[in-house]
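Written below as structure tokens is the structure these notes are about.
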Amino acid sequence: MRSRSAPAPLAVSAVAVAALAALPLAYLLIRGIGGGADAWEIVTRGRTAALVGRTVALVAGAPALATAIGVGLAWLVVRTDMPGRRLFGVLAALPLVIPSYVLALAFIAAIGPGGLTGELWGGPGAAWIFGYRGATLALALATYPYVFLLTAAALRRMDPSLEEAARSLGRSRAAAFRQVTLPALRPAIGAGAVLVALYALSDFGVVSLLRYDALTRAIYNQYRSLFDREPAAVLGLVLVVLTTAVLVLEARSRERGRLRRSGAAADRPAELVPLGRWRWPAVAACAAVVAVALVLPVAVLEWWALSAGAELPSEGEVAGWAGNSLLVSLLAALAATAAALPLAALAARRRTAFARSLERVTYAANALPGIVIALSLVFFATRVAEPLYQTLALLVFAYVVRFLPQALAGASGALLRVDPKLEQASRGLGAGPWRTFARVTAPLVAPGLLAGATLVFLSTMKELPATLLLRPIGFDTLATEVWTATGVSAYSEAAAPALLLIVLSAPVVWLLQVRTRGEGAAAEEPPPRE
Amino acid sequence: MKRLLPILLSLLAIGGGLAACGGDDGDKLTVYSGRNEKLIGDLVESFKKDTGVDVEVRYGDSAELAATIAEEGDASPADVFFSQDAGALGAVEQAGLLKALPQATLDKVDARWRDPKGQWVGTSGRSRVIAYSTERVQEGDVPDSVFDLTDPRYKGRIGLAPPNASFQAFVSAMRIDVGDAKTEEWLRGIKANAPKLLENNIQTEEAIARGEIDLGLVNHYYVYELRAERPDFPVANHFLKAGDPGALVNVAGAGILKSADRPREAQRFVDYLLAVQGQQYFADKTFEYPLVDGEAERPDGLPPIEDLQGPDIALGELGGKLKSTLEMLDRVGLSA
């Protein structure tokens, strides 16, 4: 890793990781092609066009709303004198730990027709939560923390001298924000929006519970009713095409607004913007987001937990589920970070089309529904790696395939910060490669890697579809327990594991936020894809 | 970072160790169950106790488990597939992965509730009913035939779940019973009545309780699950008149895989489900109909299964109709 040209082992391991991450794509192609003309007929159906249209609408709406919320909150928390901004810095990130299906269930129970608010204060309840508006809102509230975290980190390490220069040249604060700050934040916002879009493409819980007929729902129902794996695979490939479109669009828009950091950046925090009489409205806005995305689902879970008929599981059982959840999430975070390193290093050292496409392959797999990832690994494991089938190792591997882009988002930005000259200097002074790595490279990249690992950890804690099919028999986690209980409408029994899931994940988010502040650069943007 | 490295390595070692011991355990009978652990977990425990056979169960969604078994092929660790509905069993059978059950096992249940080719057998029955709101509807106003639901006075008041396997089975049964033309006409009439389209039976029941709709086409036992959680759940079942396609009786059932490592124990498990312990369990705990004559009492408050008399159709016939049924639903705009 010391010269500009990537050494063979790096390229080889990057290709190996990308190839493993592309297994679900290979599976879809095998099944799609194996299905022949009959299976492809589904593409020409009018209904498929309608599904694509609705999916596009969702993938336009959810990231737009999540970006508006995430960027707004990040600016308020990092750059203004809003009261309580440190507290909101942690609270606003916490919805990341709430599984989107739990959020959707809580929405229905709280504000839906005949829901709690109706019961308490009368009124018919919000019928609009079923359909496009509800699904978009739920997905945006479940995922805006991706944008918030990445944007807040970028704001914190932004060179304040740029904005100051614009101001001194007579630009208003608003104009300086639009012309200088926003373009500088573009990569971070774009990376966050892409994670939101991928989530919206692959999520089944929200569209199913809030009755929005998107592609993912159709893929699940194709498996559920016809047991026809071929047309389902073809729909999966349609989803991959949409994902590629999202990635290309994002890369294009990124090119238009590039801004390089000035050579010698002023390494000091920017001056806080005084909000004046807007202070309290700003607090109210932050509080409103936190209330809907965090307090509401937790309150509904509490209410369920306390309601009659709850048969509380024993402490030993709960500890077992929690231990299993923590174990797989930790292993997945480590493995995904390790897997992301060669890809990120290759992309950072070599800005070639080849390195870029390797990265994109891993993103494409991320937008596939969990059931597709699970079935693809069932397919390959039973054929070529049977001893691994239904072991913890394969389950962790599935998580890595699903969540690699999140680790990559952290690792890529981190490695970009490493100036090869520093490593060369270290080697020149007589340090060996290991010592150089431990003393020079590692401290520079650690915050970014930690941020990526944290996102993977949180996603794994709440992952369900792949966990259900690939876990070792009897390996129950908090997420599978929530699924089991809601499967028989036993919401009071679902509440305990769901709450514990949130409680256990919260410190990790807190850690992420504190580290971000301390190191000035935790959640890094991925490298510009020129 | 230096201090982190040993920690990371030891965690990976733990992971590797767990991987080694998590593998396929050939000593145990392996059941893939599409039925929820909360519903049948106790039955599995009593099977263990009564027979001394060690069992491990993979719980999941019936259709997803069927797809999993199909992808696993001969390498499937499963010995028994215990499914929530006949459709998923039919899919595994179509893939050629189930083996014929002994005639003695099959003969325990009526020919209507088992596979004509003898590769799976129904273990408990559930009737299609019209669920209605006890707050807004008198039982006398609930129709006795699904054909009456096209009446304009039900406009905007009905809920159904096209993606649900038991709804699809009911439409297939109607096609066999009254023909395609009449079924399609009925579906168009329902569509004209602006039904609320839901994902599954539970969503349908909840939509009634919330006041979104007054009536829903569902299986009879969900309301009991919901009452266990909420004793005053404001929904009740209305059983349809004999012979009505809407009164179809579906089954949950089980089959044994050709690739089973422990076929003898698998057979014991299936026989246990059909023995008095199993049959009484379904009646008492899951509020379903026992299918084996004289083995168990039916749940309180349910009409006898003989009186239900849905259309006189063997469930095994329905699987072949599924694809064209889904096409018909697509055509009339009630897509799954």
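The values are calculated or read from the model by the stated rules, or taken from the named source; none is laboratory data. A quick note: this is a predicted structure, and the numbers were derived from the prediction, not measured. Cβ atoms come from the backbone with ideal geometry, glycine included; neighbour counts cover every protein chain shown. With ligands, DNA and RNA removed, areas are computed over all heavy atoms of the protein, side chains included. Shrake-Rupley method; radii C 1.70, N 1.55, O 1.52, S 1.80 Å.
Entry remark, the range B:18-39: residues being closer than 26 Å to A:Ala385 by Cα, facing another protein chain (nearest Cβ under 9 Å) and at pLDDT below 95 number 9 in total. Here A:Gly205 clears all of (1) in contact with a Pro (Cβ under 8 Å, 6 or more places away or on another chain); (2) modelled with pLDDT under 85 except the condition numbered (2). Quickly run through the range A:344-387 and pick out the residues that are surrounded by 20 or more Cβ atoms within 10 Å (Cβ to Cβ), free of Cβ contacts under 8 Å to residues at least 40 places away in the same chain and within 8 Å of chain B (Cβ to nearest Cβ). Across the range A:344-387, the qualifying residue is only A:Thr382. With respect to the conditions (1) closer than 30 Å to B:Ala228 by Cα; (2) buried (at least 16 other Cβ atoms within 10 Å of the Cβ); (3) within 13 Å of chain B (Cβ to nearest Cβ), A:Ser329 lacks only one, and its number is (1).
Given the options A:Arg4, A:Arg45, A:Arg86, name the one that is closer than 26 Å to A:Ala348 by Cβ and modelled with pLDDT under 90.
After applying the criteria, what remains is A:Arg4.
Of note, B:Val332 satisfies the criterion of being over 18 Å from the mean Cα position of the chain (by Cα) and modelled with pLDDT of 85 or more. Considering the range A:299-318, and only residues there that are open to solvent by less than 40 Å² (accessible area, probe 1.4 Å) and closer than 30 Å to A:Ala140 by Cα, the residue that is modelled with the lowest pLDDT turns out to be A:Ser307. The single residue among A:Arg45, A:Arg86, A:Arg31 that is over 24 Å from the mean Cα position of the chain (by Cα) and open to solvent by 50 Å² or more (accessible area, probe 1.4 Å) turns out to be A:Arg45.
Quick grid of which residues meet (1) modelled with pLDDT under 95; (2) surrounded by 20 or more Cβ atoms within 10 Å (Cβ to Cβ); (3) more than 8 Å from chain A (Cβ to nearest Cβ):
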site: B:Glu71; (1), (2), (3): yes, yes, no
site: B:Phe81; (1), (2), (3): no, yes, yes
site: B:Leu97; (1), (2), (3): no, yes, yes
site: B:Arg114; (1), (2), (3): yes, yes, yes
site: B:Ser127; (1), (2), (3): yes, yes, yes
site: B:Ile130; (1), (2), (3): no, yes, yes
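Here B:Ala91 fulfils each of the conditions (1) touching a helix residue (DSSP H, G or I) at 6+ places or on another chain (Cβ under 6 Å); (2) within 14 Å of chain A (Cβ to nearest Cβ); (3) outside any helix (DSSP H, G or I) apart from (3). A:Ser100 meets the conditions (1) surrounded by 21 or more Cβ atoms within 10 Å (Cβ to Cβ); (2) more than 22 Å from A:Leu215 (Cβ to Cβ) in every case but one. The failed one is (2). For the range A:476-530, the set of residues classified as more than 10 Å from chain B (Cβ to nearest Cβ), at pLDDT 80 or above and open to solvent by 10 Å² or more (accessible area, probe 1.4 Å) consists of A:Ala496, A:Leu499, A:Leu500, A:Ile502, A:Val503, A:Leu504, A:Ala506, A:Pro507, A:Val508, A:Trp510, listed by residue number. Just wondering, is there one or more residues in the range B:235-248 that are buried (at least 18 other Cβ atoms within 10 Å of the Cβ), modelled with pLDDT of 90 or more, assigned to a loop (DSSP other than H, G, I, E, B) and within 14 Å of chain A (Cβ to nearest Cβ)? No, there is no match, as no residue in the range B:235-248 is buried (at least 18 other Cβ atoms within 10 Å of the Cβ), modelled with pLDDT of 90 or more, assigned to a loop (DSSP other than H, G, I, E, B) and within 14 Å of chain A (Cβ to nearest Cβ).
The set of residues in the range B:218-231 that are in contact with a helix residue (DSSP H, G or I) (Cβ under 8 Å, 6 or more places away or on another chain), open to solvent by less than 10 Å² (accessible area, probe 1.4 Å) and more than 7 Å from every other protein chain (Cβ to nearest Cβ) comprises B:Val218, B:Asn219, B:Val223.
None of A:Arg157, A:Arg86 is under 22 Å from A:Gly452 (Cβ atoms) and among the charged types (D, E, K, R) except A:Arg157. Here B:Gln203, B:Gln168 are screened, and the one residue that is in a helix (DSSP H, G or I), open to solvent by 10 Å² or more (accessible area, probe 1.4 Å) and either over 23 Å from B:Glu139 (Cα atoms) or not aliphatic (A, V, I, L, M) (or both) is B:Gln203. Just to be sure, is B:Gly156 surrounded by fewer than 20 Cβ atoms within 10 Å (Cβ to Cβ) and within 14 Å of chain A (Cβ to nearest Cβ)? In short, yes. Restricted to helices (runs of 4 or more DSSP H) entirely inside the range A:399-489, those with at least 3 residues that are small (Gly, Ala, Ser) and under 25 Å from A:Thr143 (Cα atoms) are A:442-462, A:478-487. Just name the residue that is nearest to A:Pro187 (Cα to Cα) out of those in the range A:114-143 that are in a loop (DSSP other than H, G, I, E, B) and open to solvent by less than 50 Å² (accessible area, probe 1.4 Å). Among those residues, the one meeting the criterion is A:Gly131. B:Asp261 meets the conditions (1) assigned to a helix (DSSP H, G or I); (2) touching a residue at least 60 places away in the same chain (Cβ under 8 Å); (3) more than 17 Å from the chain's Cα centre (by Cα) in every case but one. The failed one is (1). Residue-level check: of (1) touching a helix residue (DSSP H, G or I) at 6+ places or on another chain (Cβ under 9 Å); (2) within 25 Å of B:Leu334 (Cα to Cα), A:Gly53 misses just (1). Checking B:Asp42 against (1) at pLDDT 95 or above; (2) closer than 22 Å to A:Thr477 by Cα; (3) more than 7 Å from every other protein chain (Cβ to nearest Cβ); (4) open to solvent by less than 10 Å² (accessible area, probe 1.4 Å): exactly one of these is not met. Which one? Looking at each condition in turn, B:Asp42 falls short on (4). Do we have any residue at all in the range A:181-193 that's under 30 Å from B:Asp330 (Cα atoms) and either in a helix (DSSP H, G or I) or open to solvent by less than 10 Å² (accessible area, probe 1.4 Å) (or both)? Scanning the range A:181-193 turns up no residue that is under 30 Å from B:Asp330 (Cα atoms) and either in a helix (DSSP H, G or I) or open to solvent by less than 10 Å² (accessible area, probe 1.4 Å) (or both). Going by the conditions given, is A:Tyr146 away from chain B (no Cβ under 14 Å), of a type in the set (Ser, Thr, Tyr) and buried (at least 21 other Cβ atoms within 10 Å of the Cβ)? Considered against the rule, which asks whether it is away from chain B (no Cβ under 14 Å), of a type in the set (Ser, Thr, Tyr) and buried (at least 21 other Cβ atoms within 10 Å of the Cβ), A:Tyr146 comes out as yes.
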